Amino acid sequence: MHTFEYDNLQAKIQGLSVQVGELFADLYKDPSANSLEALEAYKSLRRLLPREENSIWENSRHIGATAAHKATQGF
């Protein structure tokens with residue numbers, strides 16, 4: 001079981017992925033900005049986190065996916 005409460009490194013990665021997701025959302029709204037780099041940074045951070053329930057399946061989500069996704073949508 002992975003929780004941010006017990007793993008400081010994973011909590012930091014999650015926090016950064018949320019911040020980068022918010023940055024991506026802001027840049028995406030600006031037609032003159034190149035948001036692709038921010039999106040790639042977001043995806044790279046998310047990949048550092050383990051998958052939910054230690055799943056090895058490619059389609060399983062990384063822990064904290066809901067909060068990170070909401071950040072990319074500008075909520």
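The values are calculated or read from the model by the stated rules, or taken from the named source; none is laboratory data. From a predicted model like this one, the values you see are computed outputs, not experimental measurements. All Cβ positions, even for glycine, are placed from backbone atoms using ideal geometry, and neighbour counts span all protein chains on display.
Looking at region 20-30, is at least one residue farther than 25 Å from TYR6 by Cα and at pLDDT below 90?
No, that holds for no residue.
Give me the residue from region 1-46 that is basic (Lys, Arg) and under 15 Å from THR72 (Cβ atoms) and, out of that set, nearest to the chain's Cα centre (by Cα).
ARG46
Only residues that are touching a Leu at 6+ places or on another chain (Cβ under 7 Å), closer than 11 Å to GLY21 by Cα and either in a loop (DSSP other than H, G, I, E, B) or modelled with pLDDT under 85 (or both): list them for region 35-75, please.
SER35
Could you list, in sequence order, all residues of region 1-25 that are acidic (Asp, Glu) and either closer than 14 Å to ALA67 by Cα or surrounded by fewer than 13 Cβ atoms within 10 Å (Cβ to Cβ) (or both)?
Listed by number, the residues that qualify are GLU5, GLU22.
Surrounded by fewer than 16 Cβ atoms within 10 Å (Cβ to Cβ) and under 13 Å from ALA65 (Cα atoms), is that true of ALA33?
Taking the combined requirement at face value, the residue does not satisfy it.
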